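A quick write-up on the structure given underneath.
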Amino acid sequence: MASLPLIQCFHVAKSYVAGEDILRDANLQILKGEFLFLMGPSGAGKSTFLKMLLGLEAPTRGHILVDGRNIHRLSRKDIPAYRRTVGMVFQDFKLLPRDSVAYNVALPLVAAGRPPGLVRSKVKALLQFVGLEKKAGTPCCRLSGGEQQRVALARAVANDPWILLADEPTGNLDPCASAVVMELMKAVHDRGTTVVVATHDPSLLEHIPEARRVHIHEGVFYEEAEASSTVCASALGGPGWD
Amino acid sequence: MGLSRWGYYLARAVGGFRKNPLPASVSVLVVALSLFLTWLFCLGLWGIYRVVPHLFSPSKAVVYLEKGLSVQETERVKKTVAGWSFVEECRYKSPEEVLEELRRRYAGWDDVFQGLDENPLPPALEVRLRASDDMEAALRSFEEQARSLGGVQDVLTAQAWSAETRRLMRTLMGAGIFLAGALLVSSILIVANTVRLAFYGRRDEWEVLLVVGAPPSFIKMPFYLEGILQGVLGAVCAAFPLWGVVRLAAEVLPPGLWAGALGLGDAGALLGVLILTGAGLSWLGARLALRRVVSY
Ligand SMILES: Nc1ncnc2c1ncn2[C@@H]1O[C@H](COP(=O)(O)OP(=O)(O)OP(=O)(O)O)[C@@H](O)[C@H]1O
Ligand SMILES: [Mg+2]
């Protein structure tokens, strides 16, 4: 089903402090409709890469194209619309804790100026999708971690993005809640969305065995096959990924 | 919950106000105080302007002609006066016109004009002098020359107000304008400060909005509204004491002389004008606070 490259990175380098490259010469193509695990130890630059894909950080060198457009050359007024084509889920959920579940899910739709009738029906469908329609009116701070992450997922896909980015989506969840969230991500992927999940937890891979696996090591991307032969023993150390 | 953009903006603005009531209330009070004092000053100034027109147009003078002056004589005086180099304009006014004008200007004092069997006023020439650097001297020489003409009964110029009185008035007015300006600026600044505080206090909230692709205008609008709400509430607070003053003035002074003249005689208009100024000030404050934030 995967065909055209949706995300293309050419010689991407990123440093927050001059001389300390987090990404060095990272090249990667992600095809439309792919499910990709981005692996790497803590501090490897997974979150940094996802932030660059969302346009929250700019690469120091190199280019990132999404659907053929260089996202760091977008004009100011095109950035919000671009971000609506990319949904993002965080390890710490980033919900508005005092506001209701429905309100949090409605937010990207309202911000995009969708008409109230559509917002209402869309929120209903999204809550049904993540199995939280009974908690629509509950403030998010009264939900369990797993439920909060489901709200965050519903919010991330509210505007039907092309791409879903997830940064350690199960980092704060127990195995059972993690499984539910991963199931939902798979369902989002099955609808044709390109999904990129950053994690350092190899057990997540079991949920989607057919997914593509890319590792970041010393600022460069490696496909798993390459990675296992070149860097597995030396640098990644610790637990393997299979 | 607000499912439309405006529903969202309003809910967030009111919510923000409730979350931080203390700075918001201080802001409201400062706006109320500045609006009250500024408008009090404006109304007072307008009252004086109405009572003492000469004060503000020192280039005007009135030449009263002798009663029963023939048409030819009148025409001769008018031509002479109009021919002087420092006279810009000279118009003839019949006794009826002069009386009518007085009636209009002193609308409250009808009883003074009643019981007049015949018009006691003489015909007059209304003269406007050319603007010059030394208006005092111009008026003085105009008065001297006019008095020496035949057929002239009296000459009235702004000279009637001594230079000192006018200087004092000008100083008072300058001080008033300065004070009102300072008050208005400080209320703009305090609204700006309150809005900025609210904005950075809700960083978590708008960081989420940035991620979900909300345009900057969507992120800022609730904070604009929160500021404007402070201005409007301040205006409502200022309206009560100001309305009291207007009522009091209406009782003490002849009607038509005071606030009615500004069109603020009814409570609705007064409230409207206050709310407009309050909203304008607080919008400026909010704009100051949110000018450079949330740019991509
Ligand atoms: N805003 C920032 N300013 C300076 N340095 C930063 C910033 N954000 C991240 N870094 C640094 O960049 C490096 C990569 O961080 P990043 O968060 O991308 O790692 P990660 O792979 O997501 O790690 P983890 O698995 O722990 O989340 C780290 O060394 C971090 O200290
Ligand atoms: Mg991270």
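From a point 7 Å beyond the Cα of A:S15 in the direction of its Cβ, which residues of the stretch A:58-81 have a backbone N at a distance under 11 Å?
Within reach of a label on A:S15: A:60-61.
Calculate the spin-label point distance for A:L118 paired with B:R292, positioning each point 7 Å from the Cα along the beta-carbon direction, and give it in nanometres.
In this crude spin-label approximation the distance works out to 3.7 nm.
Grab the DSSP H runs of the protein assembly as shown that are 4 residues or longer, score each as -39,500 (n - 2.57), total them, divide by all residues and round the 222 nm result to the nearest 500 deg cm²/dmol. Don't jump to the answer; show the numbers that get you there.
On the way: 18 runs with 274 residues, N = 538.
Roughly -16500 deg cm²/dmol at 222 nm, from the helical runs in the protein assembly as shown.
Using the alpha-carbon atoms, what tilt in degrees (0 to 90, nearest 10) does helix A:175-190 show relative to the longest principal axis of chain A?
Long axis of A:175-190 versus the principal axis of chain A: about 90 degrees.
Under a crude label model (7 Å from the Cα following the beta-carbon direction), how far is A:K134 from A:L31 in nanometres?
4.2 nm
Mind giving me the FRET efficiency for B:W46 and A:D67? R0 is 60 Å, r the Cβ-Cβ distance, nearest 0.05 is fine.
Numbers: r = 64 Å, r/R0 = 1.06.
Calculated value: 0.40.
If amide hydrogens are placed 1.01 Å from N in the peptide plane, which non-local residues have theirs closer than 5 Å to the one on A:G62?
Residues meeting the criterion, in which the H sits 1.01 Å from N, are A:A13.
Taking the Cα centre as origin and putting +1 on Lys and Arg beta-carbons and -1 on Asp and Glu beta-carbons, what dipole magnitude results for the stretch A:1-122, to the nearest 20 debye? Walk me through the intermediate numbers first.
Details: 17 positive and 9 negative charges, 104 e Å.
Charge dipole of the stretch A:1-122: 500 debye, to the nearest 20.
Given the options A:L96, A:L127, A:L28, state which has the largest fluctuation in a GNM of chain A using a 10 Å cut-off (strictly under) for Cα springs.
A:L96
Count, for each residue of A:104-110, the Cβ atoms from other chains sitting within 10 Å of its Cβ, then give me the mean as a whole number. Don't skip to the answer; put the middle values down first.
Numbers: counts 2, 0, 4, 8, 6, 2, 12.
Per residue, the number of nearby Cβ atoms from other chains is 5 on average.
Cα centroid distance between the stretch A:1-51 and the stretch B:178-229, in Å?
Distance between centres, Cα-based: 37 Å.
Give me B:W46, B:W6 ranked fewest to most by other Cβ atoms within 10 Å of their Cβ, as a rough exposure proxy.
Numbers: B:W46 16, B:W6 11.
Taking fewest neighbouring Cβ atoms as first place, the list is B:W6, B:W46.
Please work out the C-alpha center-to-center distance from the stretch B:74-106 to the stretch A:177-200 and express it in whole Å.
91 Å
Across peptide A:73-86, what mean number of C-beta atoms from other chains lies inside 10 Å of a residue's C-beta? If you can, show how the numbers build up before the last one.
Numbers: counts 0, 1, 1, 4, 3, 1, 6, 11, 2, 2, 7, 4, 1, 3.
What the average comes to for A:73-86 is 3.
For a label point 7 Å from the Cα of A:D190 along Cα→C-beta, name the residues of the stretch A:107-134 whose backbone N is under 18 Å from it.
What the label zone holds, given the 18 Å backbone N cut-off, is A:125-132.
Greater than 22 Å separation of Cα atoms is the criterion. Which listed pairs, A:K94/B:K220; A:K32/A:K122; A:K32/A:K94; A:K46/B:K220; B:K67/B:K93; A:K124/A:K186, meet it? Show your work: numbers first, answer last.
Working: A:K94/B:K220 19 Å; A:K32/A:K122 24 Å; A:K32/A:K94 27 Å; A:K46/B:K220 31 Å; B:K67/B:K93 13 Å; A:K124/A:K186 20 Å.
The pairs that break the limit, which is 22 Å between Cα atoms, are A:K32/A:K122; A:K32/A:K94; A:K46/B:K220.
Given points 7 Å out from each Cα along the Cα-Cβ axis, report the B:S4 to B:L197 separation in nanometres with one decimal.
Reported label-point gap for B:S4 and B:L197 is 3.3 nm.
Can you list the residues, at least 5 places off or on another chain, whose amide H is less than 5 Å from the amide H of A:I22, using H built in the peptide plane?
A:K14, A:S15, A:Y16
All of the numbers you see were taken from the coordinates with simple rules; none came from a lab. This structure is a prediction, so every number in the text was calculated from the model and none was measured. Here Cβ is always computed from backbone atoms with ideal geometry, including for glycine, and neighbour counts include all displayed protein chains.
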